[in-house]
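K.L.:
For reference, the structure I am asking about is given below.
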């Protein structure tokens, strides 16, 4: 107890319900059948009985090691191509709450596509990371972005350390630091590159990285590029993390048993495929106890979590100084592109000199920076209205409504009940395609993922709730999902409440 | 369609056999194969058992010990391209529970053929008594299976040969070994 107040952590309500066993059995049988048919079709293609529509080597190269039809492309050509029309759909409007999709058909089972020329208008967008509804087409509130475009142009044509630091960047960095309540921040042109270029600048050989099982590819790439030893702890499992920390502190480096130079814990704010939120209070307690550093990637949680959208640190009511490196991206809630790293002033000054991105990569484009400046001012209320905070609250309301209704219908939904990323489990490979296609027929666009991006029996549809969705939009989507769930028998949950 | 977008597992093939329900699916698949073979009126019961064993072991050999690499591109620049699925399981750690399960299951299945060749008397009553005594060990099924094939030497040779073809590659000493350079690249 401190100051007479009891020290309670915010209760974390999350669920990762397991489906009944027969679902798993059918899923594996589905993949096995697909594999057997894949071998059969490969046999037919090799012997010329079936025409091969994939790329093929030239006749002179037939005896070389196969380039296109080898085993590594087996899954792609036999399973992925058959349901490929659910991905890479070209859209032709801004990713607002409703968008337009170009209609495309395939005459040869998804080997080639052609556009009919028609555009499917007003499709409800449940897939874009448009959490606060700021990813809309040009309107009068974006006037400043147009002025900056006219004044500065689009390209910067230099890196941060040469001639590419603009006053817009300084303004943006000061604003980001003020928004996050930290000492300083630095922005980079690309969100993925923020992770992969800056982790190597922070840790190196002789350091230890403890990274969560479900971390994003950019964090994994940055960790691998740094040359540090990487140990993976089970997703959000503080006991496992504590065991790894204790082993690291007690036994030191593998052969020499010297102490590790640095121990860095890599976590994300919201995990985009699971919808779970990091257990921040427990992890900060562990980091303080074992003197490790914490790096948190708030790509999905900045702007969406917390009463005023300051991210997962505010969501738990904690001090931003507890986290050593706060990283985030501007492409999700702010409707722009790029990433930032924020923290203490000496950390950010070190990154200005030593980050690979600052030395070699072009800096952020001026209209992009202005869009972020405008979004942050909107969120903080510096434009004179309270609409920013209202949008964050609307997002929270929408999230809770959507998740509650899905759970009531009986679907298995993963994650924390307050995260705007909602994965709905589909499990079977055939249902992935059926779900996405039927929803498109009803003019709703969703993102589905299957194996090998997810574990074998973990195929899911991922919804991103947005503050721009009205209650009617969500009801339309929920009715459609209800109907399709009955048709495809997706309501596996055994905890139905209604 | 990229490996590891939602998890940091470099090669999903290593974890596939540990997934929840995989062993049950495998057992059900073998059971289904056996029932299909038993339903064909031309095959007597011993022939059906031997055919189940042979087809199961052939399938297991092809998919676990002959096919190399992964059916998708992994982010580790193809470290597993020359390894069979068995060698990829659990990143090469020996004696994990999946490996033990898949080593013991053909033995259980083929035990009918193995015990075929012994000259032990086989009255129904004796076998049932032995079965009751060893209720909780795997020998139960060993004897159960042995009851059905009536100990014919041809069956014995066929069953044992196919069992050996599927057991020898699983030995840890043969991890990564390619005899006479067969299946090396």
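K.L.:
Quick one: in segment A:218-239, of everything that is assigned to a helix (DSSP H, G or I) and free of Cβ contacts under 8 Å to residues at least 12 places away in the same chain, which residue is farthest from the chain's Cα centre (by Cα)?
P.N.:
Narrowing segment A:218-239 to residues assigned to a helix (DSSP H, G or I): A:218-226, A:238-239.
This time we only want the ones that are free of Cβ contacts under 8 Å to residues at least 12 places away in the same chain, so: A:220, A:224, A:239.
On the way: A:220: 14, A:224: 19, A:239: 25 Å.
Looking at residues that are assigned to a helix (DSSP H, G or I) and free of Cβ contacts under 8 Å to residues at least 12 places away in the same chain, I get A:239.
K.L.:
Further question on the same structure: Which one of A:123, A:136 is assigned to a strand (DSSP E or B), within 25 Å of the chain's Cα centre (by Cα) and under 30 Å from residue A:390 (Cα atoms)? It would help to see each step written out before you state the result.
P.N.:
Numbers: A:136 fails: assigned to a strand (DSSP E or B).
Exactly one residue qualifies, and that residue is A:123.
K.L.:
So, one more: Does residue A:410 count as within 14 Å of chain B (Cβ to nearest Cβ) and over 30 Å from residue A:171 (Cβ atoms)?
P.N.:
Details: within 14 Å of chain B (Cβ to nearest Cβ): no; over 30 Å from residue A:171 (Cβ atoms): yes.
So residue A:410 fails the test.
K.L.:
Working carefully through the options B:38, B:109, B:24, B:33, find the one that is more than 9 Å from every other protein chain (Cβ to nearest Cβ), at pLDDT 90 or above and part of a helix (DSSP H, G or I).
P.N.:
Values: B:38 fails: at pLDDT 90 or above; B:109 fails: at pLDDT 90 or above; B:24 fails: more than 9 Å from every other protein chain (Cβ to nearest Cβ).
After applying the criteria, what remains is B:33.
K.L.:
Can you name the residue in segment A:12-50 that is assigned to a loop (DSSP other than H, G, I, E, B) and closer than 30 Å to residue A:305 by Cα and, of all such residues, is modelled with the lowest pLDDT?
P.N.:
First, the residues of segment A:12-50 that are assigned to a loop (DSSP other than H, G, I, E, B): A:12-13, A:16-20, A:47-50.
Still in the running and closer than 30 Å to residue A:305 by Cα: A:12-13, A:16-19.
Details: A:12: 84, A:13: 87, A:16: 90, A:17: 90, A:18: 90, A:19: 91.
Filtering segment A:12-50 for residues that are assigned to a loop (DSSP other than H, G, I, E, B) and closer than 30 Å to residue A:305 by Cα, the one modelled with the lowest pLDDT comes out as A:12.
K.L.:
Could you list all residues from segment A:358-378 that are farther than 16 Å from residue A:339 by Cβ and touching a helix residue (DSSP H, G or I) at 6+ places or on another chain (Cβ under 7 Å)? Explain how you work it out, then say what you get.
P.N.:
Narrowing segment A:358-378 to residues farther than 16 Å from residue A:339 by Cβ: A:359, A:366-367, A:370, A:374, A:377-378.
Within segment A:358-378, A:366, A:367, A:370, A:374, A:378 qualify.
K.L.:
Which members of segment A:205-228 meet the condition of being more than 14 Å from chain B (Cβ to nearest Cβ) and in contact with a helix residue (DSSP H, G or I) (Cβ under 6 Å, 6 or more places away or on another chain)? It would help to see each step written out before you state the result.
P.N.:
First pass over segment A:205-228, keeping only residues more than 14 Å from chain B (Cβ to nearest Cβ): A:205-208, A:226-228.
Correct list: A:208, A:226.
K.L.:
For residue A:32, all conditions in the list (1) surrounded by 14 or more Cβ atoms within 10 Å (Cβ to Cβ); (2) touching a residue at least 40 places away in the same chain (Cβ under 8 Å) hold save one; what is the number of the exception?
P.N.:
Looking at each condition in turn, residue A:32 falls short on (2).
K.L.:
So, one more: Return yes when residue B:13 is in a helix (DSSP H, G or I), at the interface with chain A (Cβ under 10 Å from one of its Cβ atoms) and buried (at least 17 other Cβ atoms within 10 Å of the Cβ) and no when it is not. Spell out the reasoning first.
P.N.:
Values: in a helix (DSSP H, G or I): yes; at the interface with chain A (Cβ under 10 Å from one of its Cβ atoms): yes; buried (at least 17 other Cβ atoms within 10 Å of the Cβ): yes.
So residue B:13 fits the description; yes.
K.L.:
Which of the residues belonging to segment A:40-71 are free of Cβ contacts under 8 Å to residues at least 24 places away in the same chain and closer than 26 Å to residue B:60 by Cβ? Outline the logic, then answer.
P.N.:
In the first step, residues of segment A:40-71 are kept if they are free of Cβ contacts under 8 Å to residues at least 24 places away in the same chain; the result is A:40, A:43-44, A:46-52, A:55-68, A:70-71.
A:40, A:43, A:44, A:46, A:47, A:66, A:70, A:71, listed by residue number.
K.L.:
I've got another one for you. Please tell me if residue B:49 is over 14 Å from the mean Cα position of the chain (by Cα), assigned to a helix (DSSP H, G or I) and more than 7 Å from every other protein chain (Cβ to nearest Cβ).
P.N.:
yes
K.L.:
Conditions first: (1) within 21 Å of residue A:193 (Cα to Cα); (2) in a helix (DSSP H, G or I); (3) touching a helix residue (DSSP H, G or I) at 6+ places or on another chain (Cβ under 7 Å); (4) at pLDDT 95 or above. Residue A:401 passes all but one, so which condition is the exception?
P.N.:
The single condition residue A:401 does not satisfy is (1).
K.L.:
Among the candidates A:71, A:37, single out the residue that is at the interface with chain B (Cβ under 9 Å from one of its Cβ atoms) and within 30 Å of residue A:457 (Cα to Cα).
P.N.:
Numbers: A:37 fails: at the interface with chain B (Cβ under 9 Å from one of its Cβ atoms).
Exactly one residue qualifies, and that residue is A:71.
K.L.:
Can you name the residue in segment A:186-201 that is touching a strand residue (DSSP E or B) at 6+ places or on another chain (Cβ under 7 Å) and either in a helix (DSSP H, G or I) or free of Cβ contacts under 8 Å to residues at least 40 places away in the same chain (or both) and is also farthest from residue A:216 (Cα to Cα) among such residues?
P.N.:
Within segment A:186-201, the subset touching a strand residue (DSSP E or B) at 6+ places or on another chain (Cβ under 7 Å) is A:186-191, A:194-195, A:198.
Retained after the next criterion (residues that are either in a helix (DSSP H, G or I) or free of Cβ contacts under 8 Å to residues at least 40 places away in the same chain (or both)): A:191, A:194-195, A:198.
Working: A:191: 12, A:194: 12, A:195: 10, A:198: 15 Å.
Only one residue fits best here, namely A:198.
The values are calculated or read from the model by the stated rules, or taken from the named source; none is laboratory data. Since the model is a prediction, treat every value here as computed from it, not as a measurement. Counting neighbours? That spans all protein chains shown, and the Cβs are built from the backbone with ideal geometry, glycine included.
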